[in-house]
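Report on one structure; see the data block that follows.
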Amino acid sequence: MPRPLVAIAADRIERHGHGAHAVLHGYVDAVARVAGALPLALPAAADALDADSLVDGIDGLVLTGSPSNIAPQRYGADALPGSVLLDPDRDAAILGLLPRLIAAGVPVLGVCRGFQEINVMYGGTLDAAVHELPGALDHREGDHERPVQRWYDDSHLIDITPGGQLAQWAPSPRMAVNSLHHQGVARLGHGLRVEATAPDGLVEAFSVEGAPAFALAVQWHPEMRTHDCPLAHAIFSAFGAACRLRRDQRLGRAAAAACAL
């Protein structure tokens, strides 16, 4: 059987004066090596994308983390400082596709920015600077002088909600995760189920209630720790299993249609 096809959301960047689309290799590696799927870059170009074609052609979607923030007008908040990096092309591409893909049963895994995108799509809001909230942890990546791999070291614990999806895979109800985000959930979107929280109460993972297939989002970065974190490995393994099921269904429908001709 061919490997499942998994689209990985790209950021819009500039390369030598040209508009370009970028995907970090950590996601490519986790999708290929752990999920057992064929990774494909999904450009941040709404005009180039078609939701129905994606429903017919892909078996999963990974919404990646990013240095950029979701534009605050997408969730009714005040403008962010000019120094904050935005990616309106990605906002338009992903937020326009998500409702159709999730409803059609395409497995979706959201990471960091992707976690926030799903929350916003379901009517949730974001805090622009979690570290400034009273009593909140500093969830940012810390000292930038460290080697970039050290940015992904475990930084705080999470408490995993009993009876949820993460609870099925986690070796313990309390685990350490890495944390590299400025923004976080202010109001959880409608129909989202909390899967884990940080010690300061911040939602760190949720699933989409009633979704016909895998639909999970985490605020940390499992793609960088699949080699040494059982929970990170389990998340991508479960996502891969859902993508294989989707592939079987998709190819089965195509075979049935061909036989009917």
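The values are calculated or read from the model by the stated rules, or taken from the named source; none is laboratory data. No experiment lies behind these values; they were computed from the predicted model shown. For neighbour counting, all protein chains shown are included, and Cβ atoms are generated from backbone atoms with ideal geometry for every residue, glycine included.
Structure above, values below:
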| quantity | calculated |
| --- | --- |
| Filter pass, Ala170 being surrounded by 15 or more Cβ atoms within 10 Å (Cβ to Cβ) and free of Cβ contacts under 8 Å to residues at least 24 places away in the same chain | no |
| Test: residue in the stretch 70-78 that is closer than 30 Å to Arg244 by Cβ, touching a helix residue (DSSP H, G or I) at 6+ places or on another chain (Cβ under 7 Å), buried (at least 17 other Cβ atoms within 10 Å of the Cβ) and touching a residue at least 60 places away in the same chain (Cβ under 8 Å) | no |
| Members of the stretch 35-56 found to be touching a residue at least 60 places away in the same chain (Cβ under 8 Å) and surrounded by fewer than 21 Cβ atoms within 10 Å (Cβ to Cβ), listed by number | Gly36, Asp56 |
| Spans of strands (runs of 3 or more DSSP E) in the stretch 24-121 with at least 1 residues over 16 Å from the mean Cα position of the chain (by Cα) | 38-42 |
| Those residues of the stretch 4-34 which are surrounded by fewer than 18 Cβ atoms within 10 Å (Cβ to Cβ) and either in contact with an Asp or Glu (Cβ under 6 Å, 6 or more places away or on another chain) or in contact (Cβ under 8 Å) with a residue 40 or more places away in the chain (or both), in sequence order | Ala22, Leu24, Asp29, Arg33 |
| Boolean, Gly135 is assigned to a loop (DSSP other than H, G, I, E, B), more than 17 Å from Ile235 (Cβ to Cβ) and modelled with pLDDT of 95 or more | no |
| Identity of the residue in the stretch 182-202, touching a helix residue (DSSP H, G or I) at 6+ places or on another chain (Cβ under 8 Å) and free of Cβ contacts under 8 Å to residues at least 40 places away in the same chain, that ends up surrounded by the most Cβ atoms within 10 Å (Cβ to Cβ) | Ala196 |
